[in-house]
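Heads up: the structure comes next, in structure tokens.
The values are calculated or read from the model by the stated rules, or taken from the named source; none is laboratory data. These numbers were taken from a predicted model, which means no experiment stands behind them. Using ideal geometry, Cβ is built from the backbone for each residue, glycine included, and neighbour counts are taken over all protein chains shown.
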Amino acid sequence: MSSLLFKSSLLSLAYHRRSSSAGIALFLASVFIFLASNNAHGTQQNRRQPIPPDTARKDDGKVPNEKEMAKAKKQEESKTTQTKLTQAEAAIELTIIAYGGRKQLEIARSAIQESGTIRLATDQGDLSGNYLLRSMRKEKSSQDLLRVDLELSPGENAQGQTTPAIKYVIGFNGASVWSAQNGQYVNPRAGADIAFRAQLGHEYMSLLRYKEDGSKLDYVGLENVVGVDTFVIDMTTAEGEKTRFWLSTKTYRVLHCEYELKLVEGQPPTKYRVDYYYTPSSLAVVQNTLVPVRREMKQDGKFVQEIKLTNMTYSAKIDPEVFQHLQEQ
């Protein structure tokens with residue numbers, strides 16, 4: 001495929017996709033917005049951003065099972081009266097225990113590297129590739145440093161020729177969102193930074209850090225979701241951002257969340273739903289903390305994104321410079 005045709009295919013993919021954006025993982029909007037608005041950089045080759053191959057990981061850690069959670073629930077109920085926790089706070093304190101405990105989460109998730117595969121849905125067909133996320137914990141969830149590297153494969157053209165892979169990077173350096181495509185810096189369009197940063201304030205980890213972040217929790221009620229009894233909890237961050245979470249009444253695992261983002265002024269907000277899956281269980285526990293190894297996102301009721309993790313390294317050694325600018329990995 002010629003350079004011009006390759007750029008045209010990216011524009012078609014961006015403007016005729018089934019969805020215009022996503023995020024959480026949560027950055028489908030960023031990917032397509034950048035591909036559409038900065039396609040002039042699409043064929044330039046500079047410093048390549050290779051993504052390390054996934055490797056099998058063994059982890060001997062453990063998190064509480066259903067029986068142990070029932071015991072923890074009794075202990076927490078006795079504490080609730082003394083500490084005057086609300087019903088919502090009591091439920092989330094048990095959720096924190098289910099994920100490994102506040103202290104262990106703080107230690108293990110201080111620096112994260114997760115890799116796997118990503119699949120994005122478009123009207124032209126699915127776009128898939130490799131996924132690498134790195135983050136460093138700061139005092140507040142909204143201040144965490146974050147970087148995602150993607151290597152996307154558009155597939156074959158009408159003539160059966162394989163088109164070049166798209167190397168895409170987007171990061172948050174603590175102050176602003178930046179991005180690059182095929183080794184060249186590109187400027188985000190309006191809404192891209194909002195979609196990307198949403199995972200810092202709306203993902204399940206922000207719920208587990210509600211106390212540190214100063215977020216408010218409200219108990220909505222019980223709801224049966226496909227045969228599973230769940231607690232429904234609303235979280236409002238100190239900045240006023242709202243997310244609704246559903247968690248199992250037995251395991252206290254977060255099953256899914258919903259939130260809305262206003263990406264463009266004058267346009268109605270976009271509704272997102274993220275579903276979390278914890279199988280295979282051999283991958284779901286890292287350093288005594290629970291990890292959802294597959295995540296699916298829907299935008300306004302339509303599937304837009306799936307991320308499958310195959311390799312996770314926590315308490316990772318990460319050079320802080322990777323969050324500031326492009327550099328060799």
Exercise. Which condition number does residue 238 fail, the rest of (1) in a strand (DSSP E or B); (2) touching a Gly at 6+ places or on another chain (Cβ under 7 Å) being met?
Worked result: (1)
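Yes or no, residue by residue, for (1) assigned by TED's automatic domain parsing to the domain that holds residue 206; (2) on the phi < 0 side of the Ramachandran plot; (3) without any contact (Cβ under 8 Å) to a residue 60 or more places away in the chain:
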| position | (1), (2), (3) |
| --- | --- |
| 222 | no, yes, yes |
| 229 | no, yes, yes |
| 236 | no, yes, yes |
| 242 | no, yes, yes |
| 249 | no, yes, yes |
| 284 | yes, yes, yes |
| 303 | yes, yes, no |
| 306 | yes, yes, no |
| 310 | yes, yes, no |
Seminar exercise, completed: Within region 183-214, the residues that are of a type in the set (Gly, Ala, Ser) and within 19 Å of the chain's Cα centre (by Cα) are 191, 192, 195, 198, 201, 206
For this session: Give region 181-195 a look and list any residue that's modelled with pLDDT of 90 or more and closer than 23 Å to residue 261 by Cβ, or say none.
Result: 181, 186
Problem set entry | Among (1) buried (at least 21 other Cβ atoms within 10 Å of the Cβ); (2) in the same structural domain as residue 309 (by TED's automatic domain parsing), the one test that residue 288 misses | (1)
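Sort out for me the strands (runs of 3 or more DSSP E) sitting completely within region 60-154 that have 1 or more residues that are closer than 26 Å to residue 197 by Cα and at pLDDT below 80. Before you say what the answer is, go through the steps one by one.
Values: elements: 111-120, 127-136, 145-153.
Here the list is empty.
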For this session: Sort out which residues of region 258-281 are modelled with pLDDT under 90 and β-branched (Val, Ile, Thr), and write them in order of number.
Result: 264
For this session: Go through the residues of region 256-265 one by one and say whether even a single one is part of a loop (DSSP other than H, G, I, E, B) and more than 20 Å from the chain's Cα centre (by Cα).
Result: yes
Exercise. For residue 290, all conditions in the list (1) more than 26 Å from residue 69 (Cα to Cα); (2) touching a residue at least 40 places away in the same chain (Cβ under 8 Å) hold save one; what is the number of the exception?
Worked result: (1)
For this session: Return the pairs, sorted by first residue and then second, in which the second residue is among the polar types (S, T, N, Q) and modelled with pLDDT under 95, the first residue lies in region 266-282 and is at positive phi, the beta carbons are less than 7 Å apart, and the residues are 6+ apart or on different chains.
Result: none
